[in-house]
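Note sheet for the following structure.
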Amino acid sequence: MAFTSLILQFSLSQGRLSLDITYDDVAYFTDGVLRLEAFYGQSTVEQAFKNIKNPYHLAVTPEFHWTDQKIRVHYFSCILGYLLASLTWREARMKADFTGTLDTFLDTLNNIRLATLLEMSGKRGKPRATRQIEEMTDDQKRLMDSLSLAEVHKKPLKITGVSVCN
């Protein structure tokens with residue numbers, strides 16, 4: 001759509017982020033089909049904002065930031081996280097025929113659990129640790145296969161200079 005003027009303005013008041021979108025090309029919506037497409041597009045944008053404000057997943061709230069720069073970086077990382085979650089959800093809908101919402105998708109992935117098994121060899125020293133995915137539902141298996149996550153746990157990601165206490 002081409003608007004003669006489109007103004008996007010973010011504002012922060014009382015700890016809440018708001019986005020004001022202003023456009024003024026009403027003559028563009030002369031055809032009923034275009035008006036209907038804009039209506040459906042509006043509901044998609046409203047659903048995205050509803051997902052961003054969801055306190056359980058992907059909530060955009062400036063928790064412990066005081067400077068404008070840190071608040072902007074925090075919002076950027078939250079929007080980037082939402083973008084990655086939405087793209088992964090889209091891939092799951094296309095490849096695994098997932099029919100749930102973004103929240104259902106994130107809950108389903110969250111319920112996939114990785115267990116660390118410690119095996120004593122009978123000798124002195126550290127026990128051998130192996131990682132294994134716990135039993136999953138059919139939806140979880142389908143998502144794991146379609147997103148190619150089935151073998152990720154076998155070779156943990158190692159980043160130079162970053163360690164995790166076991």
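The values are calculated or read from the model by the stated rules, or taken from the named source; none is laboratory data. Just so we're clear, the structure is a prediction, and the values are computed from it rather than from any experiment. For neighbour counting, all protein chains shown are included, and Cβ atoms are generated from backbone atoms with ideal geometry for every residue, glycine included.
A compact table of results
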item: Unique residue being within 30 Å of Asp138 (Cβ to Cβ) and either modelled with pLDDT under 80 or among the polar types (S, T, N, Q) (or both) when the list is Thr104, Thr67, Thr30, Thr61; result: Thr104
item: Selection from the range 60-86 of residues that are in contact with a strand residue (DSSP E or B) (Cβ under 9 Å, 6 or more places away or on another chain), of a type in the set (A, V, I, L, M, F, W, C) and in a loop (DSSP other than H, G, I, E, B); result: Val60
item: Residue list for the range 53-78, restricted to those being more than 13 Å from the chain's Cα centre (by Cα) and either basic (Lys, Arg) or on the phi > 0 side of the Ramachandran plot (or both); result: Lys70, Arg72
item: Failed criterion for Thr99 (all others in (1) more than 23 Å from Leu157 (Cα to Cα); (2) surrounded by 12 or more Cβ atoms within 10 Å (Cβ to Cβ); (3) of a type in the set (S, T, N, Q) hold); result: (2)
item: Residues of the range 87-101 that turn out to be assigned to a helix (DSSP H, G or I) and within 20 Å of Met136 (Cβ to Cβ), as a count; result: 6
item: Number of positions in the range 107-123 that are touching a residue at least 12 places away in the same chain (Cβ under 8 Å) and either exposed (fewer than 10 other Cβ atoms within 10 Å of the Cβ) or closer than 20 Å to Lys155 by Cβ (or both); result: 7
item: Qualifying residue in the range 124-138 (condition: within 21 Å of the chain's Cα centre (by Cα) and in a helix (DSSP H, G or I)); result: no
